[in-house]
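Contents: one structure, followed by commentary.
Throughout, read-outs are computed from the coordinates displayed, never taken from laboratory work. Only a predicted model underlies this, so the values are computations on that prediction, with no experimental measurement involved. Don't worry about glycine lacking a Cβ; one is built from the backbone with ideal geometry, like all the others, and counts go over all protein chains shown.
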């Protein structure tokens with residue numbers, strides 16, 4: 001149940017970022033849900049494979065930054081996979097990843 005709630009919130013964040021950042025485009029909420037699902041799956045698989053060695057090398061000291069950059073990379077990868085989702089540049093992807101991380105942390109607390 002928490003996964004579904006997190007998925008819907010991430011989709012809402014993606015849609016919200018389209019209004020705040022001119023470099024982000026999402027066609028509709030259904031597309032945002034699919035993109036959020038793919039970003040979550042990519043983070044759980046490919047992102048995990050990328051994060052683990054980097055966390056070992058940095059001894060976990062830069063864990064948040066590594067997670068942020070890897071999530072931004074997964075957002076850019078989702079940009080390539082979906083024609084109805086577009087992120088122009090890496091900086092908007094990092095901003096989206098940062099907002100998703102902050103909201104996810106707030107939800108985990110409550």
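Brief remarks on what is shown
- Any hit, the range 31-38, residues being surrounded by 14 or more Cβ atoms within 10 Å (Cβ to Cβ) and free of Cβ contacts under 8 Å to residues at least 12 places away in the same chain: no
- Test for residue 21: is it farther than 15 Å from residue 104 by Cβ and crowded, with 16+ Cβ neighbours inside 10 Å: yes
- Residue in the range 5-16 that is exposed (fewer than 12 other Cβ atoms within 10 Å of the Cβ) and out of contact with any helix residue (DSSP H, G or I) (no Cβ under 9 Å at 6 or more places or on another chain) present: no
- Filtered residues of the range 54-110 (kept if surrounded by 13 or more Cβ atoms within 10 Å (Cβ to Cβ), free of Cβ contacts under 8 Å to residues at least 60 places away in the same chain and in a loop (DSSP other than H, G, I, E, B)): 62, 82, 84
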